[in-house]
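Here the structure is laid out as structure tokens; the discussion comes afterwards.
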There are 2 protein chains.
Amino acid sequence: MSMRITFLGTAASIPTAARALSAVAIQRKGELFLFDCGEGTQRQMIQAKLGFNRKTRIFITHKHGDHILGLPGLLQTMSLLGRDKPLQIYGPKGTADFLEAMIITVEFSLRFPVEVCEIENEGLVLNEQEYEVHSAWAEHSIPSLAYALIEKPRPGKFHPERALALGVPKGSLWHRLQEGKAVKVSDEQIVRPDDVMDPPRPGRKIVIVGDTKPSDKIAKFACNADILIHEATFAEDLAERAAKDLHSTPTGAALVAKKAGAKLLVLTHISARYGDPAILLEEAKNVFPHVIVAEDLMRIDVPLKD
Amino acid sequence: MSMRITFLGTAASIPTAARALSAVAIQRKGELFLFDCGEGTQRQMIQAKLGFNRKTRIFITHKHGDHILGLPGLLQTMSLLGRDKPLQIYGPKGTADFLEAMIITVEFSLRFPVEVCEIENEGLVLNEQEYEVHSAWAEHSIPSLAYALIEKPRPGKFHPERALALGVPKGSLWHRLQEGKAVKVSDEQIVRPDDVMDPPRPGRKIVIVGDTKPSDKIAKFACNADILIHEATFAEDLAERAAKDLHSTPTGAALVAKKAGAKLLVLTHISARYGDPAILLEEAKNVFPHVIVAEDLMRIDVPLKD
């Protein structure tokens, strides 16, 4: 079952010819998760062929313009293209006011339901059958959330030969076992899922951190993440500026990834001054080897775990 | 003296991979005029290397999102890049409310003066030493303005040999004549500008029409325009849809250009359905031969007139 991450916008604050403003998309089983929605996100979605009418949830990290100013245009385009499915938007307090102000002051008709859920306390945001979304406060100049998309474990591998050997015929009883239910094959014998299946397989964990200074709390939140997407606005020579503005350097982001035990760190939210991000990559690698720098429209397919 | 038109965004309503949302820039003697500011305009300005700190005036045709949603991000980027010059924004009623709502609901600090001038009555918008800007109501589903940038005539060619023959020595007296003032060369003789200069040379006239159905009033407004930039959202097979939504077809736009006696018609605001705009060009050419279809980042240098 595929999970694809597409980096729609990887610039910090100001776009460049090569980098649009903040947005990361995750596609999972026909569902789209969008993290932040900087100006231009709708056009990047068109470039990436993500579609505007699928089941979609949008998560806003914080209310700086470079992370939210793409929302009104995206909603308008969805409307114009005849979207009928509801859309859920999660974000810090003020997200609803922003959208309401846009809809009132721009000539704008919304033709599908938009549900805005403002997050006041960090923790569980969503609990679906196959995954959860959690939030945690990062450390920035204004309230800024990090999000984790965490799949629940999926059943272990089913062994048909074991089921047959235990007298369970192919058919509905196999299905019951695969659903985690025991089946009775005779008055004396009950077969349990463990008898015919391997242990559950862990789900994937993707963590997206909006603007933040390096944070031990976020390192815990990102514990064992398969992918940690973390901002790295400034290189080390601007470490003072990064500290003052509550942003991260590659070194800071890499230390968070190391503490978290993340499998892969992806640096994004790159200042316009780094036409070539090689210095950012080099600095991060000195601390944490499994790191790449995001580029616009870069994709990562995250494999299922055994 | 150069005048350069850059088409920053040429899409209608929804952007495409090739076309950004509405915006046209005109550079004239170091000054920048921006007509409409759809989402993504700031990034197109970066692509076109237009700069964010020059003398700039922005003219909004109407309050549909695809024409104004780029404003907040543009102002924010100007702020972040340290703009210090004031910025003037002209637009229909509601433009100020929109900007105020953005500034209140987005975490956003504006570090330079923004002067918003709402246009309630069509007519003269600006009267500067070398040019005027006029507005006229177009015919759309909401109040929508057309704008004309009209240069005042510039002095005719100065003939030094005539000045010398009339006894005017080279120097400050030549300058006075060139400024249109008579000079006294002796008690008996006054030399007037007409004696040493050709008749004034006409200025250039550029007309930008936002969303509109074809309009005789706009044809008059665009009378003798050097360049008429007119929307052509739908081809002729969608003429009914164009009429219903108060948009134009290429035929409609071409008829306006013909009535106006425009020298060049540029079609823009192209629906996403026309990946290849050849049909639009063909339809317009049947009515008016001097026509092109705008592409993003296309430039037109408008020469001085003799």
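The values are calculated or read from the model by the stated rules, or taken from the named source; none is laboratory data. Just so it is clear, the structure is predicted and the values come from calculations on it, not from any experiment. Cβ coordinates were reconstructed from backbone atoms using ideal geometry, including for glycine residues, and neighbour counts include every protein chain displayed. Note: areas computed on protein heavy atoms with side chains; ligands, DNA, RNA excluded. Shrake-Rupley method; radii C 1.70, N 1.55, O 1.52, S 1.80 Å.
One table, with the values for the structure above:
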read-out	value
Among (1) under 28 Å from A:T268 (Cα atoms); (2) free of Cβ contacts under 8 Å to residues at least 40 places away in the same chain; (3) assigned to a helix (DSSP H, G or I) - the single one A:I89 does not satisfy	(3)
Unmet requirement for A:E128, which otherwise passes all of (1) out of contact with any strand residue (DSSP E or B) (no Cβ under 8 Å at 6 or more places or on another chain); (2) surrounded by fewer than 15 Cβ atoms within 10 Å (Cβ to Cβ); (3) within 14 Å of chain B (Cβ to nearest Cβ)	(3)
Residues of the stretch A:68-78 satisfying the condition of being more than 7 Å from chain B (Cβ to nearest Cβ) and within 17 Å of A:C117 (Cα to Cα)	A:L71, A:L75
Residue match in the stretch A:47-56 (condition: more than 9 Å from chain B (Cβ to nearest Cβ) and within 17 Å of B:G70 (Cα to Cα))	no
Selected residue (only one of B:V256, B:V191, B:V168 is in contact with a strand residue (DSSP E or B) (Cβ under 7 Å, 6 or more places away or on another chain) and within 30 Å of B:Q27 (Cβ to Cβ))	B:V256
Condition met for B:S141 (in contact with an Asp or Glu (Cβ under 9 Å, 6 or more places away or on another chain) and either at pLDDT 95 or above or open to solvent by 40 Å² or more (accessible area, probe 1.4 Å) (or both))	yes
Test result for B:Q88, farther than 30 Å from B:P153 by Cβ, open to solvent by less than 40 Å² (accessible area, probe 1.4 Å) and in contact with a strand residue (DSSP E or B) (Cβ under 6 Å, 6 or more places away or on another chain)	no
Test for B:L21: is it touching a Lys or Arg at 6+ places or on another chain (Cβ under 9 Å), within 13 Å of another protein chain (Cβ to nearest Cβ) and either free of Cβ contacts under 8 Å to residues at least 60 places away in the same chain or among the acidic types (D, E) (or both)	yes
Helices (runs of 4 or more DSSP H) enclosed by the stretch A:161-244 - at least 2 residues per element that are closer than 30 Å to A:T61 by Cβ	A:216-221, A:239-244
Filter result for the condition that a residue is surrounded by 15 or more Cβ atoms within 10 Å (Cβ to Cβ) and not assigned by TED's automatic domain parsing to the domain that holds A:E31, over A:V168, A:V207	A:V168
Extreme residue, farthest from B:R154 (Cα to Cα), among residues of the stretch B:176-188 that are touching a residue at least 12 places away in the same chain (Cβ under 8 Å) and surrounded by 12 or more Cβ atoms within 10 Å (Cβ to Cβ)	B:V185
Selected residue (criterion: farthest from the chain's Cα centre (by Cα)) from residues of the stretch A:100-114 that are of a type outside the set (A, V, I, L, M, F, W, C), more than 7 Å from chain B (Cβ to nearest Cβ) and not in a helix (DSSP H, G or I)	A:S109
Filtered residue count, the stretch A:79-99, keeping only those that are away from every other protein chain (no Cβ under 14 Å) and of a type outside the set (A, V, I, L, M, F, W, C)	5
Flag for B:T41 being within 10 Å of chain A (Cβ to nearest Cβ) and in contact with a strand residue (DSSP E or B) (Cβ under 7 Å, 6 or more places away or on another chain)	yes
Lone qualifier among A:P193, A:P155 - being open to solvent by 60 Å² or more (accessible area, probe 1.4 Å), of a type outside the set (D, E) and in contact with a helix residue (DSSP H, G or I) (Cβ under 7 Å, 6 or more places away or on another chain)	A:P155
Matching residues, the stretch B:101-123, being open to solvent by 20 Å² or more (accessible area, probe 1.4 Å), aliphatic (A, V, I, L, M) and touching a strand residue (DSSP E or B) at 6+ places or on another chain (Cβ under 6 Å)	B:V114, B:V116
Residue in the stretch A:26-35 that is out of contact with any Cys (no Cβ under 9 Å at 6 or more places or on another chain), open to solvent by 10 Å² or more (accessible area, probe 1.4 Å) and within 14 Å of chain B (Cβ to nearest Cβ) present	no
Residue list for the stretch B:56-92, restricted to those being under 20 Å from the mean Cα position of the chain (by Cα) and of a type in the set (K, R)	B:R57, B:K63
